[in-house]
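In what follows, a single structure is set out as structure tokens and then discussed.
The values are calculated or read from the model by the stated rules, or taken from the named source; none is laboratory data. Treat the numbers as computed from the prediction; the structure is a model and nothing was measured. When we count neighbours, we look across all protein chains shown, and the Cβ atoms used for this are built from the backbone with ideal geometry, even at glycine. Just so you know, the surface numbers come from the protein's heavy atoms only, side chains and all, with ligands and any DNA or RNA stripped out. Shrake-Rupley method; radii C 1.70, N 1.55, O 1.52, S 1.80 Å.
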Amino acid sequence: MTNLSALTAALGYSFSDLTLLQNALTHRSFGTPNNERLEFIGDGILNCVIALALYRRYPALAEGDLSRLRANLVRQDALHRIAVSMNLGDFLSLGEGEMKSGGSQRPSILADGVEALIGAIYLDRGFEAAQSVIARLFLPLFDELVPGQVGKDAKTRLQEWLQGRKKALPRYQLIEAVGAAHQQRFEVACEIDNPPLRTHGTGSSRRLAEQAAADNALKVLKA
């Protein structure tokens with residue numbers, strides 16, 4: 001397993017019991033013990049911490065709106081993004097088959113790994129420690145939340161932004177698709193005429209690449 005100091009630095013947390021950390025990074029394909037039970041605990045802790053944070057951050061929001069925000073923050077895409085930000089795939093122990101099939105970069109495995117780490121931190125040092133790590137890891141996602149926009153994907157939000165200003169809709173162009181069938185990567189360009197703008201996005205499917213390109217366009221337009 002890769003030296004874990006870079007991972008603990010990214011987490012901002014040092015484990016008292018390194019066995020918990022090792023288990024959190026062990027996929028079931030590698031053997032037992034593995035991270036499935038820790039993932040179960042982490043999922044519960046994560047939902048609780050995010051719910052509490054949203055309750056305090058948005059005192060005027062109704063239950064349904066809070067639930068939508070929480071779902072947006074704990075979904076696989078959000079957890080995958082956090083995993084990528086700390087290069088979690090480099091630290092996972094996977095079986096040979098999973099390694100060969102690109103499991104260290106698979107969104108579902110990475111998302112489960114984040115939950116397992118949260119569960120391990122909770123067992124290592126309790127709720128407040130897990131809460132502190134979650135708050136730090138999820139801060140960029142919290143800062144991007146727009147309550148009225150949650151539930152709308154990037155392409156829809158970009159279209160609405162342009163339509164609201166009576167501008168032409170964007171065009172999406174496939175630039176390339178590379179890799180074997182089970183681990184292809186797509187690159188797509190999003191083009192806007194007014195203002196003139198061209199952004200790129202990548203993803204494991206053309207749809208995800210288009211969403212990434214649209215999201216990048218929105219960030220530029222709103223800057």
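For the reader, a short list of remarks on this structure follows.
- Odd one out for residue 99 among (1) in contact with a strand residue (DSSP E or B) (Cβ under 9 Å, 6 or more places away or on another chain); (2) more than 19 Å from residue 40 (Cβ to Cβ): (1)
- Every residue from the range 185-223 that is in a loop (DSSP other than H, G, I, E, B) and either open to solvent by less than 60 Å² (accessible area, probe 1.4 Å) or among the small types (Gly, Ala, Ser) (or both): 195, 204, 205, 223
- Some residue of the range 155-177 being out of contact with any Gly (no Cβ under 9 Å at 6 or more places or on another chain), surrounded by 14 or more Cβ atoms within 10 Å (Cβ to Cβ), β-branched (Val, Ile, Thr) and over 29 Å from residue 99 (Cβ atoms): no
- Residue check for residue 65: at negative phi, part of a helix (DSSP H, G or I), over 12 Å from the mean Cα position of the chain (by Cα) and modelled with pLDDT under 90: yes
- Take the conditions (1) in a helix (DSSP H, G or I); (2) open to solvent by 40 Å² or more (accessible area, probe 1.4 Å); (3) of a type outside the set (Phe, Trp, Tyr); residue 32 misses just one of them, which is (1).
- Listed conditions (1) within 29 Å of residue 204 (Cβ to Cβ); (2) in contact with a helix residue (DSSP H, G or I) (Cβ under 8 Å, 6 or more places away or on another chain) are all met by residue 22, apart from (2).
- Subset of the range 1-21 that is touching a residue at least 60 places away in the same chain (Cβ under 8 Å) and within 12 Å of residue 91 (Cβ to Cβ) - its residue that is surrounded by the most Cβ atoms within 10 Å (Cβ to Cβ): 21
- Cβ separations smaller than 8 Å between residues 6+ apart or across chains give the following pairs from the range 81-109 residues that are assigned to a helix (DSSP H, G or I) to residues that are of a type in the set (Asp, Glu) and surrounded by fewer than 16 Cβ atoms within 10 Å (Cβ to Cβ): 104/90; 107/77.
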